[in-house]
Amino acid sequence: AQSVTQLDSQVPVFEEAPVELRCNYSSSVSVYLFWYVQYPNQGLQLLLKYLSGSTLVKSINGFEAEFNKSQTSFHLRKPSVHISDTAEYFCAVSLPYSGSRLTFGEGTQLTVNP
Amino acid sequence: ETGVTQTPRHLVMGMTNKKSLKCEQHLGHNAMYWYKQSAKKPLELMFVYNFKEQTENNSVPSRFSPECPNSSHLFLHLHTLQPEDSALYLCASSQGGEELDYGYTFGSGTRLTVV
């Protein structure tokens, strides 16, 4: 079975600083990887995903994540954060042809301070 | 709107009440899910439906009763709840079956408070 570990439960940063949210997974087979974002009092929204191909994937609002198979990681990065990026971020993993079963990490609260 | 609509957005109910949460999607998805999100705790998968059939029940107490009349609608019937059941209840949908998984689409959730 696959599992996901988000190494930091809380990440406080100042506005315009770079940020990295860490995610490691455990699986004996190939996986699909996802990052979701949850703003206060809302559901989860897909931020970006890795299915195959280029190991660097990007979102429309400046986030990117790199799939590293040797380190079994899928860390999320942004070179310069905004106050509006304050939210909870969830990493998730799925096995292809798994019947749509996603396993989520415990979440990382990103707080961007002025 | 995300494509998955949940109603109501907020619900306050007494421990002896009966209420239902509704989830609706018109994305052509065949799998639907109920998740519970409590403060300071990870997302808890409650139920999974694939092509209207329940395929997973993660030891959820019987005071929660799901219903999936068709692939577009999912309900969660609630009765005699406890205060610790207060949480954000999230519905999600996905392609389902054994198709390539492109992730879930979530609704905005129902904030439930049991008094």
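The values are calculated or read from the model by the stated rules, or taken from the named source; none is laboratory data. All values reported here derive from a predicted model rather than from experimental measurement. Positions of Cβ are backbone-derived with ideal geometry, glycine not excepted, and every protein chain shown enters the neighbour counts.
The C-beta contact set for segment B:28-46 (first residue facing chain A (nearest Cβ under 10 Å) and under 15 Å from B:S86 (Cα atoms), second residue part of a strand (DSSP E or B) and of a type in the set (K, R), distance under 9 angstrom, 6+ apart or interchain) comprises B:L43/B:K36; B:E44/B:K36. Quick one: would you say A:T103 is surrounded by 15 or more Cβ atoms within 10 Å (Cβ to Cβ) and within 24 Å of B:S94 (Cβ to Cβ)? For A:T103, the condition - surrounded by 15 or more Cβ atoms within 10 Å (Cβ to Cβ) and within 24 Å of B:S94 (Cβ to Cβ) - is met. Going by the structure shown, is A:L51 under 30 Å from B:N58 (Cα atoms) and away from every other protein chain (no Cβ under 14 Å)? Taking the combined requirement at face value, the residue does not satisfy it. Would you confirm, using the coordinates I've provided, whether B:K52 is of a type outside the set (A, V, I, L, M, F, W, C) and surrounded by fewer than 18 Cβ atoms within 10 Å (Cβ to Cβ)? So B:K52 passes the test. If you go through segment A:1-47 and pick out every residue that is facing another protein chain (nearest Cβ under 10 Å) and free of Cβ contacts under 8 Å to residues at least 24 places away in the same chain, you end up with 5. The residues of segment B:83-106 that are modelled with pLDDT under 95 and part of a loop (DSSP other than H, G, I, E, B), listed by number, are B:Q95, B:G96, B:G97, B:E98, B:E99, B:L100, B:D101, B:Y102, B:G103, B:Y104. Residues in segment B:34-42 include none that are at pLDDT below 95 and over 19 Å from A:Q42 (Cα atoms).
Per-residue answers, yes or no, for (1) within 10 Å of A:C23 (Cα to Cα); (2) among the basic types (K, R); (3) within 14 Å of chain B (Cβ to nearest Cβ):
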site: A:K58; (1), (2), (3): no, yes, no
site: A:N68; (1), (2), (3): no, no, no
site: A:Q71; (1), (2), (3): no, no, no
site: A:H75; (1), (2), (3): yes, no, no
site: A:S84; (1), (2), (3): no, no, no
site: A:A87; (1), (2), (3): no, no, yes
site: A:L95; (1), (2), (3): no, no, yes
site: A:L102; (1), (2), (3): no, no, yes
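Table: residues versus (1) buried (at least 19 other Cβ atoms within 10 Å of the Cβ); (2) charged (D, E, K, R); (3) more than 25 Å from A:Y89 (Cβ to Cβ).
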| residue | (1), (2), (3) |
| --- | --- |
| B:L27 | no, no, no |
| B:P42 | no, no, no |
| B:N58 | no, no, no |
| B:P61 | no, no, yes |
| B:L76 | yes, no, yes |
| B:Y89 | yes, no, no |
| B:R111 | no, yes, no |
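Confirm whether A:S52 is more than 15 Å from the chain's Cα centre (by Cα) and either more than 17 Å from B:L43 (Cα to Cα) or in contact (Cβ under 8 Å) with a residue 60 or more places away in the chain (or both). Answer is yes for this residue.
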